[in-house]
Amino acid sequence: MRWRSYVAVGDSFTEGMDDPYPDGTYRGWADLVATRLAAEAGPDFRYANLAIRGRLFPGVVAEQVPSALAMKPDLISFAAGGNDVLRRTFDPDTLVSRFDDVVRRLRSGGADVVLFRFADVMARLPGQRLVAPRIALLNEAVGETARRHGAILVDLFADDTFLNPMLWSTDRLHLSPAGHRRVAGQVLTALGVGCEEEWLLVPPHPEPTPWLSARAADVRWVGQHLAPWLRRRLTGRSSGDTVTAKRPLLGPFAE
């Protein structure tokens, strides 16, 4: 096995929301990938997950990247910028420049690096006209950076399966357990490692929702998810303010 240590860096996507363990913490695609790599590598395999929900790109770089580099792992996954494109202060030129610099630093330590072109999350969210071009710009930068630095690219945007609402949680922003399994399968495929076949199975699309029921669901979504998000933006708070990394140390992993 080529990789005996793996560090996951990022935000809620990598932390694993909304794929809960029985104790209320989150599993997610990175834990699933670690499970498979551990099975291949044996008892010497080590894993850390530094990702924290709500983190903006500068926070991920300042808080997590130095720790990941200090651990000197064989494999690093880096996914950040998704929260930034939702902010009115989004600065595309700065983010693209810093993204390239971060990946260069991660690769210079000798680790293999996994990068992601994000899936099309805006199909079910408001603000598509403003945010979708930002996601397209970020995805383009990720692809170019991966080619420039020899990183491993997982192109979720090219996978139309992610247009299936069953791969997304009720907040319409985070992946469902089925979504996380599919991401894990794609990462392992990109690494040349086999995965459980059901991880790549496509759930059936839900039956069409009558118009009135769909509008009622939209109203519930606004109250349960959009309104709290807007309140946090207005008060300068983040969903991850009181959250710490679930696996901050590089150590043995067994799910």
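The values are calculated or read from the model by the stated rules, or taken from the named source; none is laboratory data. Predicted model, so just to flag it, every value in this text is computed and none were measured. Glycine gets a Cβ as well: all are built from the backbone with ideal geometry, and neighbour counts include every protein chain shown. Just the protein is used for accessible areas: all its heavy atoms, side chains included, with ligands, DNA and RNA removed. Shrake-Rupley method; radii C 1.70, N 1.55, O 1.52, S 1.80 Å.
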Count, please, the residues in segment 127-140 that happen to be crowded, with 16+ Cβ neighbours inside 10 Å and not aliphatic (A, V, I, L, M). 2
By residue number, the members of segment 197-217 that are in contact (Cβ under 8 Å) with a residue 40 or more places away in the chain and open to solvent by 50 Å² or more (accessible area, probe 1.4 Å) are Val202, His205, Pro206
Of everything in segment 141-161, what is part of a helix (DSSP H, G or I), at pLDDT 95 or above and either farther than 19 Å from Asp101 by Cβ or open to solvent by 60 Å² or more (accessible area, probe 1.4 Å) (or both)? Give them in sequence order. Glu144, Arg147, Arg148
Residues of segment 113-126 being open to solvent by less than 40 Å² (accessible area, probe 1.4 Å) and at pLDDT below 95, which ones? Phe118, Ala119, Val121, Met122, Leu125
Restricting attention to segment 162-169, does a residue exist that is open to solvent by less than 10 Å² (accessible area, probe 1.4 Å) and part of a helix (DSSP H, G or I)? yes
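Table: residues versus (1) more than 18 Å from Val113 (Cα to Cα); (2) among the hydrophobic types (A, V, I, L, M, F, W, C).
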{"position": "Pro20", "(1), (2)": "yes, no"}
{"position": "Asp31", "(1), (2)": "no, no"}
{"position": "Leu37", "(1), (2)": "no, yes"}
{"position": "Leu56", "(1), (2)": "yes, yes"}
{"position": "Ser67", "(1), (2)": "no, no"}
Hey, can you tell me all the residues within segment 99-112 that are open to solvent by 40 Å² or more (accessible area, probe 1.4 Å), assigned to a helix (DSSP H, G or I) and not charged (D, E, K, R)? Ser108
